[in-house]
Each structure stands twice: as C-alpha cells, then as structure tokens.
Amino acid sequence: MSKIIPERIREARESVGMTDDQFADAIGVSRQSVGTYETGAVSPRGDVFSKIIAVTRQPPAFFTTPRKHNAARFHTPTWRSLKRMQRPDRLRIGRRLEWAYYVAEFMAEYIDMPPVNLPAIEFDFERDGHERIEELADQLREFWNVGFGPITDLAPLLEYNGIIVVEEPVNCDDMDAVSRWQGGRPYMLYAADQESNSRKLFNLAHELAHLVLHNAIEVNSRNLDRMENQANRFAGAFLMPRRTFAREIANTSIDYFMSLKGRWRVAVAAMIYRCKDLGILNPDQVKYLWKQMNARGIRKKEPLDNAFALSRPTVLASAAQMLIENKIKSPAQIAEDLVMNADDIESICALPRGTLQNKVVALKLYM
Amino acid sequence: MTTFQQRLESAYPSDTYANTLRALREGIASADDTIKGIPMLANDVGDDYRGLIRRAGILHRFTEMCKAGDLPFQCSLSPMPRGTWHWLDIYSGDTNGHIVRTEDPTAFPEDTPNRQDARASNMPDLFETEDERIIRLSPPKLYTWLCYRAAPAGQLSHALWQAPSADANEWLARVNLMVAAVPKKSDDTKRPGKVDPKTKMKLRDDVQQLIDKNKKNEDKK
C-alpha cells in the first residue's frame, strides 16, 4: 500500500465537519491517536484506515496521492457570518473552497477558463473611507460595462469575469458565503440552502467586495469588523449605485421599498441600510422602518424574496462537460484524476448527481 | 409623408416604455403611501382625494425622471390656460402632451375646455390651391395624451400614448405601453445583458491540436 499522507487525514476529517473527538469516536480510536495520524507520527492500521475511508467517504487514493497544486499557502478566507460560526463548520466549508481550487486547476490543464477580469485598484484598507468605496464600486461597474441599473443576476457575471463560483448546501445556518484568492484566481462559495434570493444576491456582492478590496489582507479578529463594514458598503454601492438608485427613492415607506424590490431585487432591509448610508434616511427614520418591519413580521423573511430566479454557477460544470464531450476524460476518470469522492466533485461543479459515476469508457483519446 | 402613428412612435420610442410605466407606477405608489401615512387622509375622505393625490404623485415622478435623464423628454409644470389648475407639459420631438386619466384604454378623458383647446391643434391645415384642390397639411405639433388608470389597490390597468383628433372622438395614433412588443433592451437600457461565461471558455490550444491530430489518425485508418 502507498504511504498515507498525514495531512490528508486531517483534510478528510475537516471536510466532514468532525472535531478530533467526534472523529476518534467514529473510527474507534482515542483522540490522541487521531492526533498522531494527522501529524504523521503514526500511520493508522489497516482496519482503522478502512474506517477512516468509510467515515470520510473518500477513496483510498485520496489519502495516498500527492497533488500537483497546493492550497496550504493561501490566506484565511473571508466569511460572511464568521463570528457566529462553529469552528468545525468553518473548517468543513473552508475545505470545500480549497477543493474548488483543485477542481478548477485540474480543468485548467485542458481548458482555458474565463480569464480574471478585475480592475487594478488602489485601496488603503486602513485609511480609505466610504467615499473611496463608492468610487470603486462605480469603477467596477464601468470596468465590467454593466451600466448603473439593477443587476438582477450576479453569478454568471462573476464567472464571466473569471471568478470561480460554487453554490452548495452548507448545512450551517450561520454561514452565507466565503471567498478567497487561490493561486491567482478569486473563488467564492455561497450557501445554496439560504432561502432568500435577495439575500443570495447581496451575499455574492459582499464576497465580491472582499475579493476586490481585501485581496492582500489577512483576516483576524482585530480587522474583521472593519472588513465586514467595508464589504457591506461596497455591496450596497455595487448593487444600488448612488447615481441611479438614490433618485428612485420617491418615498421611504416599506410599501414603496417593496415596489422597488421588484426592480432592484435586493432586500428591503438592504435598501434601508443603503438609504441610511446615502443620507436619505436619518437614524430616527431607520429606527421607525425597523419597527414597521418588525410589526409586519417581515424583518427576517421578506415578501418577494424569491419572486425572481437567480442563475446557478456553470463554469465548472461546463468545463467537466467539455472534457467528457471532447473525449478527453471519461466521467469516471475525472473523479479518478481528482482523487476525490465523485459526489463531492459533482456538488462543487453543480453537475447532476451521478454524472461522474458513469463507468462507461468513452472512445479513446484519453490523455 | 410621415403618418401620425410614425410621429407618435418616433416621439415616444419603445425604449422609453418601461420607464414611463415606472413613472406612473412609482407616482401612484408614492401617492398611496402618502394617503396611508397621514392620519387626516387615511380614511374615507382620503379615498375621495386619492385620484388627485395620485395625479400629483405621477406628475412629480414623471418630472423627476425627466430631470434625472431616465425619460428623454422635456417637461414643466405650467398653469392651464383656463382656471387655476396646473398640468405637466411634456415635449418630445414634434409632439407635446399631457397626462390624463381615462376609464379604459379606448375611452377619452373627461372633456374640459382646456383639453378641447389643446387637442384643437391636431386639426390638419387646409389649403385651397388655384385649381381648387384641397391640400391637407399635418399639424406641425402633434398633441398627445398619456392615458392611464390604476385600480384602487394601485395596479396600473392601462397606459397608452394617444393622439386625439381635433374635433371627433377618434384616435389619430395610439400605442399601448403595456402590451407593445418591447425590444428586450427597453426594459431598462442600463441593465446589463445576460452574459454566458461559457463563451469565455475553450479547449487549450495544445489539447485541441492533440484532438485534431488523433482525429486525423483515426480518419487515415
């Protein structure tokens, strides 16, 4: 048997969201043993290894095959809702983002992926204020040539401009989205199980803000609030540009915001924050509107949240289909080469379940 | 010769329909919110005034959107020639117009002296030549109405640009903004078009060459 790579045991454990203790229980060893496996001090016995495979649902090769690309050197990702998240969830979802990198790098060996198309911006995270963020949001719209009207669908626009976007159920109420630059390309993962499309739209814009503004910044507990604040301001400015959105505020009642929601697709709550940022609403008016929303029971779940559809990401799925259609790889080979559970790859790529479990060997040309 | 219909469509092109409907809808919503938010009006008396307040909301919103460039028309509030009321003069190309409420898409607005005078300008000029032929000349300015109506709950039930004849209850030209086949871009000219990320993907050149080479080899066999 090939030698087990200790880090892979940790990776596999984290990918299923288990703590050391939970993992030790699941594979029938002590917590200390798990530690020794993950540091490489001791290699698991055959029967334990079988249990590790069963618990983590990864193929044996996952634990023994070195990868061409290494994600270890990347910055800590930026999380939407970090403070509330439990550590195992954070690690689990972080691994998904890392795996998206391996999948995209694998595809890029055969396919030219959409080139990264983001403007070179100068942003001083410590000193620049909201005015600069407003300018940068406008600058990005101009750079992408999307005008200043409502942006009704964001995932295809992000992917078109080279950002790898993954939509997955994250089974974690406290996590909306996560992003990070990995190997010269921006990556973003957002929760498919977030019920509100308006909120999804804002989450994508929020993560876009981190990718644009905070590329070189290592997130920590001291700068987190500032980063989140800046990302929210950018997301608001990007989705509701000052020059166009502000002039549509003919009225500041909940009903009126609701009518604007049909057009701008963002939540009423986000519009209220935006109006506050732009000085259209004073703090007392904002307080009054929150009370109104509470009284109507729409503070957490608003009407029209899903009155419109959002497109799912398509780039990774298209890449996989191109490999299969051009007979470069068979579905099973994609899973084999990526040395990962096919279900995981399908989920990351947004491929229909079972696509990569097709064992039928396609006509030759495999490389 | 340009027809009345062509003149109307040229003055109010299809890419303005979406924002014209927006001006009407937002004006109505804003007026209804005003009524709801003012205790003095949030009652049956407020309902009595709803039509007038909606009119104020629409004129205000239309003016704001013209000022902001969302609607490419010139407009200004001016006193009506008779009486003490005001209306919004809208100018576009060789047309001018006003906003009026009508009962249904084909109905004419309530007949008033001001409206009679305004529509009289749609009378074709008649010239009699020496050989007694009558030549009709189209009026230099086409007078138009933006006719609308909204349900009590606020939904717009119709919205049409229409040019009335000068003296009979006939339409010289009309376009229904709510059913017109609007080209996609008119929904909002500033809205980004759908992009397809796949258009930015292709097989790498070396991979494509290998595929081509293998295909050639297979063909030879």
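The values are calculated or read from the model by the stated rules, or taken from the named source; none is laboratory data. This structure is a prediction, so every number in the text was calculated from the model and none was measured. Cβ: placed from backbone, ideal geometry, glycine included. Neighbour counts: every protein chain shown. Accessible surface is based on the protein model in full, side chains and every heavy atom, while ligands, DNA and RNA are left aside. Shrake-Rupley method; radii C 1.70, N 1.55, O 1.52, S 1.80 Å.
Here is how the numbers come out for the structure above:
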| item | result |
| --- | --- |
| Computed label-point distance, nm, for sites residue A:86 and residue A:120 using a 7 Å Cα→Cβ extension | 4.6 |
| Chain-alone versus full-assembly comparison, the range A:133-176, residues with accessible loss of at least 50 Å² (1.4 Å probe) | A:160 |
| Estimated FRET transfer efficiency when R0 is 41 angstrom, pair residue B:205-residue A:53 (beta carbons, to 0.05) | 0.55 |
| Rg over Rh [alpha-carbon atoms, Kirkwood Rh] for the protein assembly as shown | 1.11 |
| Two-site label geometry, residue A:327 and residue B:157: point separation in nm, points 7 Å out along Cα→Cβ | 6.6 |
| Pairwise FRET efficiency - residue B:117 versus residue A:128, Cβ, R0 = 41 Å, nearest 0.05 | 0.10 |
| Chain pair B, A: total accessible area buried, heavy atoms, 1.4 Å probe, Å² | 3100 |
| Among B:33, B:104, B:196, residue whose mean-square fluctuation peaks in a GNM of chain B (springs only between Cα atoms under 10 Å) | B:196 |
| From the C-alpha gyration tensor of chain B, square roots of 5λ in Å | 47, 30, 14 |
| Cα shape, the range A:1-110, gyration tensor, a/c 1.5 rule | oblate |
| Which listed pairs, of A:261/A:301; A:261/A:300; A:261/B:194; A:200/A:300; A:200/A:301, have C-alpha distances above 18 Å, in listed order | A:261/B:194 |
| DSSP-loop GluC sites (Glu not before Pro) across the range A:182-267, with at most 13 other Cβ within 10 angstrom | A:195, A:218 |
| Anchor residue B:213: aspartates and glutamates whose Cα lies under 19 Å away (excluding residues fewer than 8 positions away in-chain) | A:109, A:325, B:205 |
| Neighbour net charge for residue B:43 - beta-carbon separation under 15 angstrom, K R +1, D E -1 | -2 |
| Cα-based Rg of the range B:4-126 normalised by 2.2 N^0.38 Å, two decimals | 1.16 |
| Stretch gain in nm, segment residue B:170-residue B:21, where the contour uses 0.36 nm per residue and the Cα spacing is subtracted | 51.2 nm |
| Accessible area of the protein assembly as shown divided out per residue, in Å², using a probe of 1.4 angstrom | 48 |
| Rg [Å, one decimal], Dmax [Å, integer] - the range A:236-306, C-alpha atoms | 11.2, 32 |
| Two-decimal Rg to Rh for the range A:267-309 - Kirkwood Rh, Cα set | 1.02 |
| Test item: B:29-41 mean partner chain Cβ contacts at 10 Å | 3 |
| Alpha-carbon Rg/Rh ratio, for the range A:94-158, with Rh computed the Kirkwood way | 1.07 |
| With every protein chain in place, chain A: carbon and sulfur % of accessible area (1.4 Å) | 48 |
| Listing of the range B:57-95 residues, each with accessible area lower by at least 30 Å² in the full protein assembly than in the chain alone (probe 1.4 Å) | B:61, B:68 |
| Within a Gaussian network of chain A (alpha carbon springs, distance under 10 Å), most fluctuating of A:41, A:350, A:155 | A:41 |
| Residue (of B:88, B:211, A:202) at the positive-pole extreme of the protein assembly as shown, dipole from beta-carbon charges | B:211 |
